[in-house]
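K.L.:
One structure is given below, represented as structure tokens, and several questions about it will come after.
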Amino acid sequence: MVEKLDVTVTGDIAPVVARAQARRPVDIVVNNAGGGVIGATEEMSDADIEEQIALNLMAPVHITRAFIPAMRERRSGRIIQISSASGQGSLPTSSMYHAAKWGLEGFSECLRQELEPFDVFVTLIEPGGVRSSFGGNLKFASAIAAYRDTPAGAMRSLF
């Protein structure tokens, strides 16, 4: 059965997880939702910033936490976090995406150490540029002319 879930609505996560667990034990959780906002940090709205952190960091944290108790009790499971090469380096115009992915990396590294004693394993995948629908999920912050001839402006011109 397929469940529809907006991963940024924290209150919707637990009921979906409970329904999935009721059908059968969940052995593998893959956190792969993501999206980006292109723009210099100053160009991003508060909503852009909050959306980036909610989607790329907080959603995987909340989803993972919802599945941990059953995996820990069964002493079995794998959590796969889809991060990005952006969790290791950075480019102008993607500060909040980078911040979220760096956060996901730190969270996943700690989680790995916490869960290994229970035979629950964490895999962190850091893909580089790949052909996917990710570009269709990009949003663009309103440009500020002052950034036109800067590294941020050069990056923006690539899109």
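K.L.:
What does a probe at Ser142 reach in the stretch 38-79, counting residues whose amide N is under 18 Å from the point 7 Å along Cα→Cβ?
P.N.:
Within reach of a label on Ser142: 38-51.
K.L.:
Treat each spin label as a single point 7 Å out from the Cα along the C-beta direction, and report the Ala18 to Ala85 distance in nm.
P.N.:
4.3
K.L.:
Which value results for Rg/Rh of the chain when Rg is the Cα radius of gyration and Rh the Kirkwood radius based on the inverse mean 1/r?
P.N.:
Looking at the chain, the ratio lands at 1.03.
K.L.:
Quick one: which of 93-103, 8-18 comes out on top by average Cβ neighbours within 10 Å, and what's the full order, highest first?
P.N.:
The densest-packed peptide leads the list: 93-103, 8-18.
K.L.:
FRET efficiency for Ile125 and Glu42, Cβ-Cβ distance as r, R0 = 25 Å, nearest 0.05? Don't skip to the end; give the middle numbers.
P.N.:
Working: r = 31 Å, r/R0 = 1.26.
Efficiency for this residue pair is about 0.20.
K.L.:
If you don't mind, another one. If packing is taken as the average number of other Cβ atoms within 10 Å across a peptide's residues, how do 52-65, 29-42, 107-120 rank, most packed first?
P.N.:
52-65, 29-42, 107-120
K.L.:
Hey, got the Cα dimensions of the stretch 67-151 along the principal axes, in Å, largest first?
P.N.:
Extents along the principal axes, in whole Å: 56, 24, 19.
K.L.:
Another question, if that's okay. Of all accessible surface on the chain at a 1.4 Å probe, what whole percent is carbon and sulfur?
P.N.:
57
The values are calculated or read from the model by the stated rules, or taken from the named source; none is laboratory data. In this text, all values refer to a predicted model and were calculated from it rather than measured experimentally. Methodologically, a virtual Cβ is constructed for each residue, glycine included, from the backbone with ideal geometry; neighbour enumeration extends over all protein chains shown. For the accessible areas, the whole protein counts, side chains as well, though only heavy atoms, and no ligand, DNA or RNA atoms are used. Shrake-Rupley method; radii C 1.70, N 1.55, O 1.52, S 1.80 Å.
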